[in-house]
Amino acid sequence: MTSLKFGTSGLRGLVTELVGLPTYAHVRAFCAMLQEDRAAGARGEVLIGRDLRSSSPLIAAQCAQAIADAGLEPVDCGAVPTPALAQAAMAAGSPAVMVTGSHIPDDRNGLKFYRAQGEIDKADEARILAHHEALALTAAPDVSAEPQRRDVVSGYRARYVDFFGRALEGLTVGVYQHSSVGRDVICDVLSALGATPIVLGRSDSFIPVDTEALRPEDEELARRWAGERRLDAIVSTDGDADRPLVADETGRFLRGDLVGALTARFLGADAIVTPVTSNSALDRPGSFARVVRTRVGSPYVIAGMAQAQAEGARTVIGFEANGGVLLGSEVVRDGRRLAALPTRDAMLPIVATLALARTAQKPLSAIAAEARFAIALSNRLQEVPQDRTTALIARLDAEDSGFRDTAFAAHGGVAARDRRDGLRLTLGNGATVHFRASGNAPELRVYVEAPAPAAAEALLAENLAFAAAQTR
């Protein structure tokens, strides 16, 4: 049984099960879908990008071979942020393939597919799988394609420099570079906007930084750097630079949904689209004119943004609890235009959050406190097969469940259940606990909200232990 599957954003799995025929066949299937729809673009180009994990160059070369063998023109864009590739593909009217496993460990990797209009949707995923089966390929040819090369980072950098001008003048920002493919362009953009970037923690080996489940060592590094240097913020991203990390001047990381909300506030959004895992404070009256809740995953957020626009929203921002921000509509300010980019992007929320703090002339910690978010924490149990997570959720969601009542008796029982993605439980004492299977890896995600930090930490630890015991 293969580990390869489409998850919340693209096809993911073990490198050993992706390299070779699986990569070749899935990309050929993607090309077959494009050709069937006459959606390969006027020049038949398919752009290819990759992150910095060790397996990505070989997989990207196999993608190029598959594209060439399909009769299309592969274009090698090199190691680039996923949103930079997506922006260039949309501007060129071309589809694209990004080789990345995002935040998952180096022994795993993946493919993200883009039409000329943006990310593929769930219907496209099903069609790719159908074409994959119909092609019935039995072997991948040796790599011999020599794709043309193209710079897409310059246009991505210009996107933010042209819109934000010198919005970050005078700020000193630590950049935790680790192995992010966006590590250098982040420094370039911050510098061009007037900030002084300070390089921190650059790594030659791949580090799986997950913006939704930070490693304790990453949190400790941020606190140490903030204590050693006078910084206004520390910023970073996941591996393919489509999800941001933003820490305040003390080295405390802001949750991704808070960063998304601050971005929406800075850009004047009248509608936000975000999954059910994002903070309940977003639904507070007066926060935003319209809030659309979805399942976890950028395809669902993109569909929600289209819904909001169809219903008359003017400025639509999508974001997830992991921090990825999607710009669903063009933003115009002081005669400057920021084009829509309906794919997860780390640069926009990093710059917008810093610009908001500078404009308000307040430290980032004060800006975060003013948002009055509920205390929300999340973490994961790794190497938990999805069927075990499914079984646990089914037991908790059963009608007249004595198991559920016993499990949460100390918290006043369960007052409400939300089944839109996994199972979100509102407890009798007002706290929430949410269980769901990761769409990208064999992991069980646990999210909690509580009124105070200590209560949230205890609730998260309790339910991680509970889930671990139930899924052994």
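The values are calculated or read from the model by the stated rules, or taken from the named source; none is laboratory data. Here the structure is a predicted model, which is why all the values come from computation and not from measurement. Positions of Cβ are backbone-derived with ideal geometry, glycine not excepted, and every protein chain shown enters the neighbour counts. Ligands, DNA and RNA are excluded from the accessible area calculation, which covers all protein heavy atoms including side chains. Shrake-Rupley method; radii C 1.70, N 1.55, O 1.52, S 1.80 Å.
May I ask you to say which residue of ARG28, ARG43, ARG50 is of a type in the set (Lys, Arg), touching a residue at least 24 places away in the same chain (Cβ under 8 Å) and under 17 Å from ASP151 (Cα atoms)?
Numbers: ARG28 fails: under 17 Å from ASP151 (Cα atoms); ARG43 fails: under 17 Å from ASP151 (Cα atoms).
The match here is ARG50.
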The range 431-472 - residue that is in contact with a helix residue (DSSP H, G or I) (Cβ under 7 Å, 6 or more places away or on another chain) and in a helix (DSSP H, G or I) and, of those, most open to solvent (accessible area, probe 1.4 Å): GLN470
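In the range 346-370, which residues are of a type in the set (Gly, Ala, Ser) and either surrounded by 16 or more Cβ atoms within 10 Å (Cβ to Cβ) or under 15 Å from THR250 (Cβ atoms) (or both)? Steps first, please.
Filtering the range 346-370 down to residues of a type in the set (Gly, Ala, Ser) leaves 346, 352, 355, 357, 360, 365-366, 368-369.
Matches in the range 346-370: ALA346, ALA352, ALA355, ALA357, SER365, ALA366, ALA368, ALA369.
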The lone exception for LEU200 - which of (1) more than 21 Å from the chain's Cα centre (by Cα); (2) in contact (Cβ under 8 Å) with a residue 60 or more places away in the chain it fails: (2)
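Inside the range 186-200, can you point out the residues that are under 29 Å from ALA441 (Cβ atoms) and either touching a Ser or Thr at 6+ places or on another chain (Cβ under 8 Å) or surrounded by fewer than 17 Cβ atoms within 10 Å (Cβ to Cβ) (or both)?
Restricting attention to the range 186-200, the residues satisfying the condition of being under 29 Å from ALA441 (Cβ atoms) are 186, 200.
ILE186, the sole residue that qualifies.
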Test: residue in the range 368-386 that is of a type outside the set (A, V, I, L, M, F, W, C), more than 27 Å from ARG445 (Cα to Cα) and in contact with a Leu (Cβ under 9 Å, 6 or more places away or on another chain): no
Members of the range 156-175 found to be touching a helix residue (DSSP H, G or I) at 6+ places or on another chain (Cβ under 6 Å) and closer than 20 Å to LEU327 by Cα, listed by number: TYR156, ARG157, TYR160, VAL161, PHE164, ALA167
Residues within the range 95-119 that are open to solvent by less than 10 Å² (accessible area, probe 1.4 Å) and part of a loop (DSSP other than H, G, I, E, B), tallied: 6
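Among GLY41, GLY49, which is the only one that is buried (at least 22 other Cβ atoms within 10 Å of the Cβ) and out of contact with any His (no Cβ under 6 Å at 6 or more places or on another chain)? Full working, then the answer.
Numbers: GLY41 fails: buried (at least 22 other Cβ atoms within 10 Å of the Cβ).
Just one listed residue meets the conditions, GLY49.
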Options ASP162, ASP151: the member that is assigned to a loop (DSSP other than H, G, I, E, B) and either modelled with pLDDT under 95 or over 23 Å from GLU36 (Cα atoms) (or both): ASP151
Enumeration of residues in the range 133-157 that are open to solvent by less than 60 Å² (accessible area, probe 1.4 Å), in contact with a strand residue (DSSP E or B) (Cβ under 8 Å, 6 or more places away or on another chain) and either at positive phi or not β-branched (Val, Ile, Thr) (or both): ALA145, PRO147
